[in-house]
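Okay, structure first, notes after.
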Amino acid sequence: MPQFTSETPQLASAGSPAPAADTWAEDTTAQLPSFYSPQSQPARETTSDPTSASAPLKPIPSTDRLDLQSPIPTPAKDAVVPPPPSLLSPAFTPPATPGTPTPGNAQRLNSVSVDSTIPEGGCGTKRPRLLETLPEVQCIVRARIPTVSGTEMFLHLYTNNVDNKEHLAIVFGPHIRSRSLDAPREGETEMDRMIRGAYTGKLYPGRTTSRAAESEAGSAAAAAKPAGGPPLVRIHSECYTGETAWSARCDCGEQLDEAARLMSHPDNSAAGGIIIYLRQEGRGIGLGEKLKAYNLQDLGSDTVEANLLLRHPADARSYGLATAMLLDLGHPEVRLLTNNPEKIRAVEGPGREVVVKERVAMVPLSWKGEKGIRSREVEAYLETKIKKMGHMLDF
Ligand SMILES: [Zn+2]
């Protein structure tokens with residue numbers, strides 16, 4: 001069995017030698033994204049005089065050492081033991097979506113009208129190969145989710161007849177409802193309907209009917225007729241590494257956060273928003289193959305070449321499920337958040353069942369001079385998206 005030593009704690013609490021240490025604390029911790037919280041400040045604490053070039057390192061207090069031999073100190077019998085720090089500290093409940101700043105203005109939306117029926121319609125030149133018929137989708141459950149930004153969204157979970165994955169629609173705006181969810185099911189009770197989310201208004205303890213009471217019905221009816229035009233829509237493909245594991249190889253996590261921010265902005269409340277979250281990891285090749293592609297990228301390939309070397313198409317994603325889900329949510333006209341003009345026809349479906357009225361650009365935050373992902377890998381990834389995959393960003 002490996003023996004724990006005091007090496008690791010020593011490094012963690014002492015840091016590098018003092019002169020470099022303070023610079024490191026200034027520069028490096030400030031650059032860390034906010035989800036590395038609380039910020040580590042090990043080096044700053046090693047010297048009281050930042051100008052001193054040769055301040056001696058403080059000895060490591062013995063309580064800092066990881067010593068498995070020493071007994072755990074027990075408090076004296078009558079000593080008052082303070083309670084442990086609350087889990088509800090800022091470190092555990094960040095005030096904003098991790099990784100991105102929340103303030104901003106939806107008015108800055110960089111949108112252009114598009115029309116896929118004419119060549120100069122701003123929808124790229126390629127025609128995606130689409131399945132002839134749309135898949136059948138069914139929303140099986142919906143739930144209200146309060147978010148860290150303070151707004152609420154409704155998570156809709158879908159099943160379909162082409163794969164066994166649980167695709168999601170993240171819906172901003174109470175007026176956007178799923179037809180397949182709201183449709184009555186044989187033999188179900190009012191409680192069944194409320195449990196699967198097919199209710200109007202708000203749930204509260206003791207509620208017995210899925211239909212809202214009179215007073216609520218009025219506001220629900222008002223909410224059902226939005227005057228904000230087509231909703232903002234983002235089609236997002238699952239990216240475990242970028243959304244969950246803090247990867248800076250791509251900008252997926254940032255794009256998902258930015259889409260949610262724009263959709264939940266007060267200026268967008270009348271139109272609402274829908275993020276269709278498709279479970280097609282790694283441009284559709286799966287997480288295992290995506291990790292192999294990362295190794296190929298470290299060996300010198302770009303993201304497109306790596307997929308081709310693994311005998312996968314550069315982009316194996318399909319969007320028929322998204323088209324079907326948008327129709328189920330009652331929105332055949334949308335404003336699409338994307339930099340990829342070829343996504344427009346793919347989302348519109350084989351018979352143009354959904355129509356994209358506007359394309360709204362997603363500018364990487366770091367390019368706008370705001371915080372955002374900055375890494376050698378993400379720059380190369382964005383460059384490949386633009387040069388090889390037809391994404392519309394000024395480079
Ligand atoms: Zn990604």
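Things worth noting here:
- Residue in the stretch 179-186 that is in a strand (DSSP E or B) and of a type outside the set (A, V, I, L, M, F, W, C) present: no
- When residues of the stretch 228-249 are limited to those that are in a loop (DSSP other than H, G, I, E, B) and closer than 14 Å to Val334 by Cβ, the one nearest to the ligand (Cβ to nearest atom): Pro231
- All positions within the stretch 136-159 that are over 18 Å from the mean Cα position of the chain (by Cα) and crowded, with 18+ Cβ neighbours inside 10 Å: Val137, Cys139, Arg142, Tyr158
- Subset of the stretch 160-175 [assigned to a strand (DSSP E or B) and crowded, with 20+ Cβ neighbours inside 10 Å]: His167, Ala169, Ile170, Val171, Phe172
- Hey, Ala314 within 16 Å of the ligand (Cβ to nearest atom), part of a helix (DSSP H, G or I) and more than 23 Å from Pro146 (Cα to Cα) or not: no
- Selection within the stretch 270-306 - over 19 Å from the mean Cα position of the chain (by Cα) and within 13 Å of the ligand (Cβ to nearest atom): Ile285, Leu291, Ala293, Tyr294, Gln297, Thr303
- Cβ-Cβ under 8 Å pairs, at least 6 apart or on other chains, the stretch 146-167 side among the basic types (Lys, Arg), far side in a loop (DSSP other than H, G, I, E, B): Lys165/Arg279
- Residue match in the stretch 196-207 (condition: among the aromatic types (Phe, Trp, Tyr), out of contact with any helix residue (DSSP H, G or I) (no Cβ under 9 Å at 6 or more places or on another chain) and assigned to a loop (DSSP other than H, G, I, E, B)): yes
- Any chance Glu166 is over 22 Å from the mean Cα position of the chain (by Cα), among the acidic types (Asp, Glu), at pLDDT 90 or above and within 18 Å of Leu278 (Cα to Cα): no
- Selection of first residues in the stretch 247-258 that are assigned by TED's automatic domain parsing to the domain that holds Lys385 and of second residues that are among the aromatic types (Phe, Trp, Tyr) and more than 7 Å from the ligand (Cβ to nearest atom), restricted to Cβ pairs under 6 Å at least 6 apart or on distinct chains, gives the following pairs, ordered by first then second residue: Cys250/Tyr381.
- Listed conditions (1) surrounded by fewer than 23 Cβ atoms within 10 Å (Cβ to Cβ); (2) in contact (Cβ under 8 Å) with a residue 12 or more places away in the chain; (3) not in a helix (DSSP H, G or I) are all met by Tyr294, apart from (3).
The values are calculated or read from the model by the stated rules, or taken from the named source; none is laboratory data. This one's a predicted model, so the numbers in the text were calculated from it and none came from an experiment. FYI the Cβ positions are ideal-geometry reconstructions off the backbone, even for glycines, and counts take in every protein chain you see.
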